[in-house]
Amino acid sequence: MGIFFVLHGLAHAVGILATWTRVDVGFRDALWLLPGPVRLRSPIGSAFGAVWLVALVGWVIAGAGAIAGAEWWPALAVGSAVVSLAAMVPWWDAMPPGVRLGILADVVVIVVLLSPLGSGVT
């Protein structure tokens, strides 16, 4: 599971690249889902790059914690999943289909770790 978390975290680099650079990683410069004409490549979109970065760092640390057998990694994984969702959901129309699978992964992690299934995971 720890390796999955690290890889999932590193996958957030595409959101950082999409918001902070002109590197083509498959994102469109679409409007966000919230009211207002805000695009991915705007100052607000760039601010979301920082949210993607926080999710990346959180997932990588949670993965390292899971690999090391630390007791704190489930809480960090849930927090990282929430931050990841906050970074991705507003840009649903801008994301390539493969990136949307990350939303599913975040939801599964939250559900499993916050349910009775997650009580014996540590």
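Applying the condition of being of a type outside the set (Val, Ile, Thr), in contact with a Leu (Cβ under 7 Å, 6 or more places away or on another chain) and without any contact (Cβ under 8 Å) to a residue 60 or more places away in the chain to segment 15-40 and asking which residue is nearest to Trp52 (Cα to Cα) yields Arg39.
Phe27: surrounded by 16 or more Cβ atoms within 10 Å (Cβ to Cβ), touching a helix residue (DSSP H, G or I) at 6+ places or on another chain (Cβ under 6 Å) and not in a helix (DSSP H, G or I), yes or no?
On the way: surrounded by 16 or more Cβ atoms within 10 Å (Cβ to Cβ): yes; touching a helix residue (DSSP H, G or I) at 6+ places or on another chain (Cβ under 6 Å): yes; not in a helix (DSSP H, G or I): yes.
It is true that Phe27 is surrounded by 16 or more Cβ atoms within 10 Å (Cβ to Cβ), touching a helix residue (DSSP H, G or I) at 6+ places or on another chain (Cβ under 6 Å) and not in a helix (DSSP H, G or I).
Listed by first and then second residue, the pairs linking a residue in segment 47-66 that is at pLDDT 95 or above to a residue that is polar (S, T, N, Q) and open to solvent by 50 Å² or more (accessible area, probe 1.4 Å), with Cβ atoms under 9 Å apart and 6 or more places separating them unless they lie on different chains, are Ala66/Thr122. Do we find that Leu10 is out of contact with any Phe, Trp or Tyr (no Cβ under 7 Å at 6 or more places or on another chain), aliphatic (A, V, I, L, M) and closer than 15 Å to Trp92 by Cα in this structure? It is false that Leu10 is out of contact with any Phe, Trp or Tyr (no Cβ under 7 Å at 6 or more places or on another chain), aliphatic (A, V, I, L, M) and closer than 15 Å to Trp92 by Cα. With respect to Trp91, determine if the residue is in contact with a helix residue (DSSP H, G or I) (Cβ under 8 Å, 6 or more places away or on another chain) and surrounded by 15 or more Cβ atoms within 10 Å (Cβ to Cβ). Yes.
Just to confirm my filter: which helices (runs of 4 or more DSSP H) fall fully inside segment 39-122 and include at least 3 residues that are in contact with a His (Cβ under 7 Å, 6 or more places away or on another chain)? Talk me through it step by step, then tell me what you get.
On the way: elements: 43-68, 73-88, 97-114.
Passing ranges, in order: 43-68.
In summary, Ile110 fulfils each of the numbered conditions (1) open to solvent by 40 Å² or more (accessible area, probe 1.4 Å); (2) under 15 Å from the mean Cα position of the chain (by Cα); (3) more than 25 Å from Val25 (Cα to Cα) with the single exception of condition (1). None of Trp52, Trp72 is among the hydrophobic types (A, V, I, L, M, F, W, C) and open to solvent by 70 Å² or more (accessible area, probe 1.4 Å) except Trp72. Scanning segment 1-24 for residues that are open to solvent by less than 50 Å² (accessible area, probe 1.4 Å) and of a type outside the set (S, T, N, Q) turns up Gly2, Phe5, Val6, His8, Gly9, His12, Ala13, Val14, Gly15, Ile16, Ala18.
The values are calculated or read from the model by the stated rules, or taken from the named source; none is laboratory data. Just so it is clear, the structure is predicted and the values come from calculations on it, not from any experiment. Here the Cβ is made from the backbone with ideal geometry for all residues, glycine too, and neighbour counts use every protein chain on show. The accessibility values were calculated without ligands, DNA or RNA, using every heavy atom of the protein model including side chains. Shrake-Rupley method; radii C 1.70, N 1.55, O 1.52, S 1.80 Å.
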